[in-house]
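*Asks:* Structure incoming, see below.
The values are calculated or read from the model by the stated rules, or taken from the named source; none is laboratory data. All figures in this text were calculated on a predicted structure; none of them were measured in a lab. Neighbour counts run over all protein chains shown; Cβ positions are idealised from the backbone, glycine included.
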């Protein structure tokens, strides 16, 4: 569905390449997953956030989606993404931007 509107989907996380390969195989992920082990890309996009689990604070990645135009400009950012309904929302935004 993303190819039909000339969109490229990339996933980025601090996980290793091997971890990404297993994840892609397990969930049949049809797009490229990029490894950012030192967090440079995550830092540039401002997705490294302090999180809290069971009273323990740690730095983690805030699940986010960025729509980047052909010139490399971020034209829309979705923060604190919830999976349900997200693909539909992004497809609608892409259709809007491609007009």
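*Asks:* Picking from 43, 62, which residue would you name as being surrounded by 14 or more Cβ atoms within 10 Å (Cβ to Cβ) and either touching a residue at least 24 places away in the same chain (Cβ under 8 Å) or under 16 Å from the mean Cα position of the chain (by Cα) (or both)?
*Replies:* It is 62.
*Asks:* Let me ask another. I'm trying to understand the selection: among the residues of region 11-27, which are surrounded by 11 or more Cβ atoms within 10 Å (Cβ to Cβ) and under 24 Å from residue 93 (Cβ atoms)?
*Replies:* 11, 12, 13
*Asks:* Now for a separate question. Search region 1-17 for residues that are touching a residue at least 60 places away in the same chain (Cβ under 8 Å) and pair each with any residue that is surrounded by 10 or more Cβ atoms within 10 Å (Cβ to Cβ) when their beta-carbon atoms are under 6 Å apart and the residues are at least 6 apart or on different chains.
*Replies:* 2/9; 5/94; 5/98; 7/94
*Asks:* Hey, another quick one. In region 58-67, is there at least one residue being closer than 23 Å to residue 96 by Cβ and at pLDDT below 90?
*Replies:* The answer is yes, given that some residue of region 58-67 is closer than 23 Å to residue 96 by Cβ and at pLDDT below 90.
*Asks:* Let me ask you something else. Is at least one residue of region 28-39 surrounded by 13 or more Cβ atoms within 10 Å (Cβ to Cβ) and on the phi > 0 side of the Ramachandran plot?
*Replies:* Yes.
*Asks:* Which numbered condition in (1) within 22 Å of residue 7 (Cβ to Cβ); (2) surrounded by 12 or more Cβ atoms within 10 Å (Cβ to Cβ) is the only one that residue 72 fails?
*Replies:* If we test residue 72 against (1) within 22 Å of residue 7 (Cβ to Cβ); (2) surrounded by 12 or more Cβ atoms within 10 Å (Cβ to Cβ), just (2) comes out false.
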